[in-house]
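First the structure, in the form of structure tokens, and then the observations on it.
Here, each number is a calculation from the coordinates, and none is a lab measurement. Small disclaimer: the values here were computed from a predicted structure and weren't measured. Backbone-built Cβ (ideal geometry, glycine too); neighbour counts: all protein chains shown.
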Amino acid sequence: MHSGLARRGVLFVLSSPSGAGKSTIARLLLENDSDISMSVSVTTRPMRPGEVDGRDYHFVDVPRFKAMVEAGELMEWAHVFDHRYGTPKAPVNDMLAAGRDVLFDIDWQGAQQLYQQSGADVVRVFILPPSVEELGRRLAMRGTDDQAVIEARMARAASEISHWDGYDYVVVNDDVQGCFAQVLTVLNAERLRRSRQTGLIGFARKLVTPPAES
């Protein structure tokens, strides 16, 4: 962290209904903060044009995904729109121990599973749209989904929003830069928690211990 003290990383979860701006906020965090890295999920969905295996997702088939679940290799996993998504455990634990923060773009089910496994390390932030009408407008403006998909996403949004009270922080995204500033404030505050600053004990001890006489 910026003070130079050793610390344990934060598992920083961003969740929101599709279209509320979660991906934009995640991108801004990654672009503006060198101490946080994105958790790369494993998924059974087909690769989209422009995506790179290992950078955007780890793309696997259903049998391989099921084998990872059975072997306990995933921290969390869920079904989303007929496909499976999950978080590989080993790379996340490596980053955490090295004092790097890990960013998660997952839904409420994934956030709940992650918290059950690693509660002390997890910080959960839920992003709400300013209104249902604005959410629908943002989904339509994407131009990537047909009306049936948009309607399905809107129906799912109502279910996702109902889980807002399972999060540590809730931010309304009525302005992207304002929302980003609030999310960054949360991240920096959580980095300063005494329990995460593993180098604090030794540092404080030096401050209160008289220097040895020469």
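Listed by number, the DSSP H helices of the chain that run 20 Å or longer by alpha-carbon position along their axis and have mean Kyte hydropathy of at least -1.0 are 147-161, 176-191. What net charge do the residues around ARG27 carry, taking every other residue with its C-beta under 12 Å from that of ARG27, with Lys and Arg at +1 and Asp and Glu at -1? Combined, the nearby Lys, Arg, Asp and Glu give -2. Here is how the number arises for the chain: DSSP H runs of 4 or more residues each give -39500 (n - 2.57), the sum is divided by the residue count, and the result at 222 nm is -13000 deg cm²/dmol. Taking every DSSP bridge with both residues inside segment 1-90, close to 75 percent are antiparallel.
Averaging the sequence gap over all C-alpha pairs within less than 8 Å and six or more residues apart, then dividing by the number of residues, gives the chain a relative contact order of 33 percent. Other residues with beta-carbon under 15 Å from the beta-carbon of LEU187 carry, at +1 per Lys or Arg and -1 per Asp or Glu, a net charge of +1.
Scalar couplings 3J(HN,Hα) for segment 39-50, obtained by applying the Karplus form with A = 6.51, B = -1.76, C = 1.60 to θ = phi - 60°, are 6, 8, 7, 9, 8, 9, 6, x, 5, 8, x, x Hz; x denotes Gly and Pro.
Amide H contacts under 5 Å for SER41: HIS58, restricted to partners 5 or more places along the chain or on a different chain, H placed in the peptide plane at 1.01 Å from N. Of the peptides 70-78, 15-23, the order by per-residue mean of other Cβ atoms within 10 Å, starting with the highest, comes out as 15-23, 70-78.
Computed on the chain, the Cα convex hull volume stands at 149 Å³ per residue. Semi-axis lengths, largest first, of the ellipsoid equivalent to segment 1-56 are 26, 15, 11 Å, with √(5λ) applied to each eigenvalue of the Cα gyration tensor.
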